[in-house]
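This report refers to the structure that appears directly beneath it.
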Amino acid sequence: MSDIFREVDEDIRQEKYRRLWDRLGPWVIALAVLIVVGTGGYRGWIYWQKGKSEAAGDVFFEAVRLSETGDSAAAQAKLNELSQSTGGYPVLARMREASELALNGKKAEAIEAFDAISKDGSVENALQDIARLRAGFLAVDTEDYAAVSARLEPMSGTGEPFRAGAREILALAAWKAGDTEAARRWIGMIEEDTGTPSDISRRVTILSDVITADNGSAGETADSSEGTKQ
């Protein structure tokens, strides 16, 4: 008798499974098909994006090569091709276009282009900061210390990733403006910061030596000022 009951139970279970499959089977199959198609489509999109990125990279490096050979017009034409490309290449193209302006003696236009990138909220923060540094560096020759300071002082604080570069440019701008006190203050901040890159340390050491040769040491300058007042 027990065997009969087991067979009946088995038949009932099979019938339930059959009804369940009849009701849900098409949905299970549809879901499986969607997963397969979706996975294939995603992988295809990744491959397509990779191909476009590689092609944009080739165009960018060709533009750099043309620029280095002195063919600015051809380099500009290549950079223009990247305006609608994928990834970060449109911004890199804008940065390079601004650099091309500077290389061709158009510093005011280059500064304007770098400033535009630094204020563009759609650009990554690191690239905004690099553009701001480039604008500040070019502005040392064409604008006053206050203009350079307005761009770069926000980047010079402790913990800022590009603080060493910003401080170096500020020291140079202050020195060119005849403000040796400000120049020495920025140089001091660079020398005291253990995170300052060695190449920047070497350059500001040279600048410090030039300032000392022209104006004496900081202590001598202070003593001279006090003597004048007396």
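Read-outs throughout are calculated quantities, based only on the coordinates presented, and are distinct from any laboratory measurement. Just so we're clear, the structure is a prediction, and the values are computed from it rather than from any experiment. With ideal geometry, Cβ positions are generated from the backbone for all residues, glycine too; neighbour counts draw on all protein chains shown.
A few remarks follow.
- Three-way shape call for the range 66-127 based on the alpha-carbon gyration tensor, with the a/c threshold at 1.5: oblate
- Additional length obtainable on full extension of the chain from ASN125 to ALA108, 0.36 nm per residue less Cα span: 3.8 nm
- Highest mean packing first, where packing is the average number of other Cβ atoms within 10 Å per residue, the peptides 203-212, 169-178 line up as 169-178, 203-212.
- Remark: the range 144-217 carries a charge dipole of roughly 120 debye about the Cα centre, counting +1 on each Lys and Arg Cβ and -1 on each Asp and Glu Cβ.
- The GluC sites (Glu not before Pro) of the range 148-191 include none that DSSP puts in a loop with a beta carbon having at most 14 other beta carbons within 10 Å.
- Estimated FRET transfer efficiency when R0 is 45 angstrom, pair ARG202-ALA77 (beta carbons, to 0.05): 0.70
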